[in-house]
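Inspection log for the structure reproduced underneath, given as structure tokens.
The values are calculated or read from the model by the stated rules, or taken from the named source; none is laboratory data. Predicted, not measured: the structure shown is a model, and the values here were computed from it. So basically every Cβ, Gly included, is an ideal-geometry build from the backbone, and we count neighbours across all protein chains shown.
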Amino acid sequence: MKALTYDAHGGTDVLQYKDVASPSPQADDVIVDVAATTVNHLDLIQRAGYFTLDGYALPHIAGMDVVGTVIEVGANVTRVAVGDRVGIDPSMHCAPDGSAYGGENDLYGKLGVIGATLNGGYADQCLAPQTHVYAIPDDISFEHAVVFPTAWMTAHHALFDVGMLEAGETVMIHAAASGVSIAAIQWAKSVGAIVLATAGSEEKCQKALELGADHTCNNRSEDVAKWAREITAG
Ligand SMILES: NC(=O)c1ccc[n+]([C@@H]2O[C@H](COP(=O)([O-])OP(=O)(O)OC[C@H]3O[C@@H](n4cnc5c(N)ncnc54)[C@H](OP(=O)(O)O)[C@@H]3O)[C@@H](O)[C@H]2O)c1
């Protein structure tokens, strides 16, 4: 198969589009024909080389966010079938022993992450355990579904699992034009919260308003705490 890979750190010039070995599934694995992937924060900082996860090594195929169509399944796979449209959860926490990534499943030890320490979505095909693929509803395009696995789920976890945000409550979202915060603004508005967004430029504040933020503040030129107290009446 073809993949966009790199064997040295740097800018986009280190990327090489070339032939690599296709993945081969073990009993609990599926092979996904990649339809879309993203340019995630971690994809960029690992390629630049100034931050890498434990277990990352060169050469690397980036792409933490992967969606596509199942084209091959291992002998034990019952959860999905060839032809299904799926998205991949990239964190190999709890990957089954029957997967090629079964030894990468320890949240507090060796934890593999597709696109970060394991081969990712910048390739024709991507391997994942059957436990880590999820059906994509027919009315959601691959290009929309592909934002969910990391940035959108991170924002969801922060707002709702940790923050327990509810309708009518006020939430402040910093770095409002960042990948995670673009998602957070839209999640928060979807449940009827009031969004105070801060960002480092007027252009980014404008973007936050377009995404649905109720109030914005340029955190390089304004006093954020004073602004927030005024809007929320203390
Ligand atoms: N993307 C993901 O899927 C994901 C998943 C889990 C965790 N995370 C973590 O979440 C954080 C944000 O990720 P992201 O993908 O949303 O990043 P991003 O799109 O690259 O945006 C980062 C934002 O942080 C602000 N920033 C950058 N340098 C800064 C500095 N020195 N001081 C203050 N603000 C600074 C900038 O916004 P302003 O100019 O508006 O300040 C920038 O737009 C990162 O720590 C990342 O590791 C990301």
Requested in this report: Taking only the stretch 95-113 into account, find how many residues are in contact with a strand residue (DSSP E or B) (Cβ under 6 Å, 6 or more places away or on another chain), within 22 Å of PRO59 (Cα to Cα) and among the hydrophobic types (A, V, I, L, M, F, W, C).
Outcome: 2
Query raised in the report: in contact with a strand residue (DSSP E or B) (Cβ under 9 Å, 6 or more places away or on another chain) and more than 20 Å from VAL39 (Cβ to Cβ), is that true of ALA193?
Result: yes
Requested in this report: Could you check, for the stretch 147-170, whether at least one of its residues is in a loop (DSSP other than H, G, I, E, B), within 12 Å of the ligand (Cβ to nearest atom) and either surrounded by fewer than 18 Cβ atoms within 10 Å (Cβ to Cβ) or aromatic (Phe, Trp, Tyr) (or both)?
Outcome: no
Report task. Name the single residue, out of those in the stretch 119-146 being part of a helix (DSSP H, G or I) and in contact (Cβ under 8 Å) with a residue 40 or more places away in the chain, that is nearest to the ligand (Cβ to nearest atom). Result -> ALA145
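So if I check each of GLY87, GLY63, GLY68, which one is modelled with pLDDT of 95 or more and part of a loop (DSSP other than H, G, I, E, B)? Spell out how you get there, then give the answer.
On the way: GLY87 fails: part of a loop (DSSP other than H, G, I, E, B); GLY68 fails: part of a loop (DSSP other than H, G, I, E, B).
On inspection, the qualifying residue turns out to be GLY63.
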Report summary line: GLU222 passes all but one of the listed conditions (1) buried (at least 16 other Cβ atoms within 10 Å of the Cβ); (2) within 13 Å of the ligand (Cβ to nearest atom); (3) free of Cβ contacts under 8 Å to residues at least 40 places away in the same chain; the exception is number (1)
**Report entry** Top-ranked residue of the stretch 64-82 - restricted to ones that are among the β-branched types (Val, Ile, Thr) and in contact (Cβ under 8 Å) with a residue 40 or more places away in the chain, ranked as surrounded by the fewest Cβ atoms within 10 Å (Cβ to Cβ)
**Finding:** THR78
